[in-house]
Amino acid sequence: MKVTEIFHSIQGESTHSGRPCVFVRLTACDLRCRWCDTEYAFHEGSPTTVETVVERVLAYGCDLIEVTGGEPLLQPETPDLCRRLLAAGLEVMLETGGHRDISALPEGVKVILDVKCPGSGEAARNDWANLDRLRLGGEVKFVIADRADYEWARDVVVSRGLTGRFPVLFSPVFDELSLRDLAGWILTDRLAVRLQTQLHKHVWEPSRRGV
């Protein structure tokens, strides 16, 4: 498999935000979201065996792991990597753009399903069947650029009854939509979702890699 980077940091997103976490960032993505902050993962990286990835992860001595990208489900070895990490007794998360079938992932992986809003430019690629494939521990995330994105995401949450099924995360595009505005809209609509920010961008410089 091709790996862009492996690093130990603080989990910046999801309901696990604030926890120490080891990130395995895999190379390649077949989406081009307008606000993407990891374009370097489209092409950078080195061929690495699954065994070497597991060894490097275990060396950090951290129980929480996130497999991310890029789009991690582009790599056929990803389910096996997750299976081996789970077998090592680790808590495994995987963040996906939501346009690729998640059913190949082993039971126990906590999938963060990133549903693409229209402002991303990739909303047409959403695989809505993934909402029915999501298992216990999964979460649904919407990255929101503006009021139109918010209203679209709100309508998806309500029409599909998501808040009764999974944690639902609303995250503003960093430096485009203010947390205050998004918080106000959520409160006005009495929407039972979780406001989140990219915590790591408040701890370190927003452009810094490996954190």
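What follows is calculated from the coordinates using simple rules that are stated; it is not laboratory data. This is a predicted model, so every value here is computed, not measured. All Cβ positions, even for glycine, are placed from backbone atoms using ideal geometry, and neighbour counts span all protein chains on display.
Points to keep in mind about this one:
- Test item: Cα-centred dipole of the chain, Lys/Arg +1 and Asp/Glu -1 on Cβ, debye: 340
- Global form of the stretch 2-203, assessed from the alpha-carbon gyration tensor, a/c cut-off 1.5: prolate
- Extension gain for the segment Val211 to Asp127, taken as residue separation times 0.36 nm less the Cα-Cα distance, is 27.3 nm to one decimal.
- Sites matching trypsin sites (Lys or Arg not before Pro) across the stretch 16-69 that sit in DSSP coil, with at most 12 neighbouring C-beta atoms within 10 Å: Arg32, Arg34
- Estimated from helices alone, the mean residue ellipticity of the chain at 222 nm is -6500 deg cm²/dmol (sum of -39500 (n - 2.57) over DSSP H runs with n ≥ 4, per residue).
- The stretch 1-150, relative contact order [Cα under 8 Å, separation at least 6], %: 20
- Packing-based order for 80-87, 100-107, using average beta carbon neighbours within 10 Å, highest first: 80-87, 100-107
- Approximate spin-label separation Ser159-Ala104, in nm, with each point projected 7 Å along Cα-to-Cβ: 3.0
- Under the convention that each Lys and Arg Cβ holds +1 and each Asp and Glu Cβ holds -1, the size of the dipole of the stretch 52-91 around its Cα centre is about 100 debye.
- Of the residues Ser207, Pro167, Gln196, the one whose Cα sits farthest toward the positive end of the charge dipole of the stretch 149-211, with +1 on the Cβ of Lys and Arg and -1 on the Cβ of Asp and Glu, is Pro167.
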